[in-house]
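Below: one structure, written as C-alpha cells.
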Amino acid sequence: MFTFTSNILKNFLSQRATRRYPFETRSPFDGARGMLLNHIEKCNLCSICAVKCPSQCITVDRKASTWECDPFACVYCGICVDACPESALYQKPEYRQVAEKREMISLKGEIKKKVKKETDNGIESE
Amino acid sequence: MSKTIIPFGPQHPVLPEPLHLKLTVEDEVVTEVIPALGFVHRGLEKLSEIRDFHQMVQVVERVCGICSVIHAMCYCHGIEEMMGIEVPPRAKFLRVIWSELHRMQSHLLWLGLFADSFGFEALFMQFWKIREKVMDISESTTGNRVIVSVNVVGGVRRDLNSEQISWILTLLKEIEQEISALKKTLLTDYTVTKRTVGKGVLTKHQAYGIGTVGPVLRGSGVVQDTRTLGYAAFNELNFEPVVESDGDCYARTKVRFRETLQSIDLIRQAMSKIPNGEINVKVKGKPQGEVVSRVEQPRGELLYYIKADGNKNLDRLRIRTPTFANIPAILTMLPGMYLSDVPVIVLSIDPCISCTER
Amino acid sequence: MKEETIPVTKETVIGETAKIKIEGYRFVTMTCVELDENQVDVIYHFDENLQLKHFRLTVSKDTLIPSISVVYQSAFLVENEIQDLFGIHFDNLFIDYRRTLYLGGETIAAPFCKFTVKRTDKSAPAAVQAET
C-alpha cells in the first residue's frame, strides 16, 4: 500500500518531464538524421544514390539533368549520404517542418564534363 | 449456460495493434479462442526479390517498429555467415550495445503498456518517462530514435567515441536508479499483484510443448536464451538467462523487469571490454547458400532463413518472429479465465502484430 | 545449412515428427521455399537446447501434405500461413482458416510464388472437404 506516494511527491517537486512544445524545443542531437539535402553544385548526377536507396525515393534523370527526391518515401537511413562519391548529399540534424503543401525536392543539376569519365568508371567498379 | 461469441479486437483500447480474437464465452468465463490475423500483412519477405541483399537490411529493420537493430543484426549475421565475412570485434561490441539498448526500450515500453492495461496510468507514465532517456541515447548515437539503420552487412555504420561512452554510462546510472525505484510498485503493489498473479498460467511442460519463446518461455521456468549461443560479442560477456518459475502474467512481468536491469549490466560490460579498431569490412561478392540465423529479440527467439543462389537478390527470405510463436500460447492460456482478464493476458505475451505479419 | 537436415517424405513426416517430439525437441517453425514451377521445399525446424534440426520435405505443389499440427498443435498457424502464401494444402489441420488467414475470401493465386500455376481442381476442394 502507498508504494507510489513517494514517487508522486518527488514528481510534484521536480521539474516537469515534458516541454511546452511549439514554444520550447529541444535542439537536435549532432548526429541526428534529419532532412536529406543535396549540394546540387557539387552533384555530378552519377545516380549512385538512386541505385543504393532502399526505398527508391531518389530519381536522377541524366538527360534532363534533374535530381529528384520524394521526402515522403525517404526513410532517412542515410545510405545515399554514405555512398555519394562527391559528398554532395548531406543530412541536417533538423527535421522537416510541417507544411501546408506536399513538397517534393526537385533540383536542376549539371553533369561536369571533366570528371564525368572518372565517376562513370567508379560506377562500373562498384 | 448458453454460449456467447465475443469479438476481441482488431480495434481494442488495450491493444494498439490489430489482433482479432474470437472468444467463446460462457457467462463470464472464456471457453474457446480462435485468433485471426492478416489485417496488416505486408509481404516484406517477397520484397527480397526486388531489393538487393544490401538494401534488404533496411527493409528487415521495418519488420518490427520496436526492435529494428536486432532484426537487422540477425539478417546481417545470416548473410555474413553465408559469405564468410569476419566482422571486426569492435563492430560486434557495438552491435551488442545497440541491441541491448533496444531490448531496454522495448521492455520499458511494454512495462508501461502493461501497467496501462490494468489501468495503472501513473506507472505507465513513469516507465515511458524513463524510456525517453534510452531513446535519447539511441538518437544521439545512431541518428534516429527507433529505426536506427546502424547495421550493414560487414559491420556497423557509426562509432562511439569516449565522450559518448561516458555520457551513456552516466545516463545509464540515472536510468538504473529510476527503474529500481519503481521495482517495489511494480512487483508488490496491490493493484498489480491482484491483476497478474495466477492469471494466464502456462506450465513448464505446456510452454515448451507449444513452442513459446522468450519471456513467456522463461517465465514458465525453462532456461532458454538464444544469447547464450554467443553471437555478436555475447560470448565474451558474463550473464545468466533470467528465469521465473510461476508461468503466470506476474512471472512474465518479473522476467521482463529483471531483463531490463540485466541489459544495463550487459551494456556496461560491453563498454568496459570494447576493443579499438575498424567498425566494418568491405563486402565483395554475392551470397550463395542456405542459412538459418537466430538471435534473441526482446520478445524472444527470432529466426531468419535465408536462401541465395549467387544473385544480388535473395532467393528466399523467411522471418519467424517471436510473436508468431507465442500466439498459440493464447489458445492455452485464455480458456478458464474471466473476460476482464483477457486484455492483461493477451498483453503479457507482448504481442507485436506488425512483426507477426511481415 | 550447417545443422543436421533429414530428408523426409509425405508418408514419413508425421512419424518422424512424433519421434523427435519424444526426444524432447521444441517446434520452432516451418519454411516453404519454391524450387521451380512444380516443386516446393517444406523445411521443418526443431530445436533442443539451442541445437537446431531440420526436416526437408520436397513435394510437388498439388500434393496434400499431412499437417503436423496433430503432433505439435502450435504448427497450425504456420501451416495456414504457407497454405495462404504458397497455395499448398495441408490435410487434417487443427484450425483450418481455408486460406483466409492473410488473404481475402476467394483468392486463387498464391502471392509468394514466382510461378503461378493453375491448380488442378481436384486437390483444392479435397482439402476443404476433408475439413467440413
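Per-structure values
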item: Value at 222 nm in deg cm²/dmol, rounded to 500, when DSSP H runs of n ≥ 4 in chain B each add -39,500 (n - 2.57); result: -15000 deg cm²/dmol
item: Residue order, fewest to most surrounding Cβ atoms within 10 angstrom, among C:F27, A:F2; result: A:F2, C:F27
item: Convex hull volume of the stretch A:27-113 per residue (C-alpha atoms, cubic angstrom); result: 97
item: DSSP beta bridge pairing in the protein assembly as shown, given as percent antiparallel to the nearest 5; result: 90
item: Over the protein assembly as shown, equivalent-ellipsoid semi-axes from the Cα gyration tensor in Å; result: 39, 34, 23
item: ³J(HN,Hα), Karplus 6.51/-1.76/1.60, whole Hz, each residue of the stretch B:293-307, x for Gly, Pro; result: 10, 10, 9, 9, 8, x, 8, x, 5, 10, 10, 10, 10, 10, 10
item: Most mobile listed residue (B:A325, B:A122, B:A232) in chain B, GNM with C-alpha springs under 10 Å; result: B:A122
item: Length-normalised contact order for chain B - Cα pairs under 8 Å, 6+ apart - percent; result: 26
item: Cα-based Rg and Dmax for chain C, where Dmax is the largest Cα-Cα distance (Å); result: 14.5, 44
item: Partner chain coverage, peptide C:21-31 - average Cβ within 10 angstrom; result: 5
item: Label zone at A:D30, where the point sits 7 Å out along the Cα-to-Cβ direction: the stretch B:71-110 residues whose backbone N lies under 16 Å; result: none
item: Debye-sum result for chain B in log10 I(q)/I(0), which assumes one identical scatterer on each alpha carbon, at q = 0.08 Å⁻¹; result: -0.39
item: Counting DSSP beta bridges with both ends in the stretch B:3-356, the antiparallel % (nearest 5); result: 100
item: Rounded if a/c under 1.5, otherwise prolate or oblate - the stretch B:171-311, Cα gyration tensor axes; result: oblate
item: Under DSSP loop assignment and at most 13 Cβ neighbours within 10 Å, longest trypsin sites (Lys or Arg not before Pro)-free interval of chain C; result: C:3-113
item: Euclidean distance of C-alpha centroids, the stretch B:1-46 and the stretch C:24-54, integer Å; result: 28
item: Order of B:F257, C:F115, A:F4 under a 10 Å beta carbon neighbour criterion, fewest first; result: C:F115, A:F4, B:F257
item: Burial order of peptide ranges A:14-24, B:40-50, A:73-83 (average beta-carbon count within 10 Å, highest first); result: A:73-83, B:40-50, A:14-24
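No lab work stands behind these numbers, since they all come straight from the coordinates. Just so we're clear, the structure is a prediction, and the values are computed from it rather than from any experiment. No Cβ is skipped: glycine too gets one built from the backbone with ideal geometry, and neighbour counts run over all protein chains shown.
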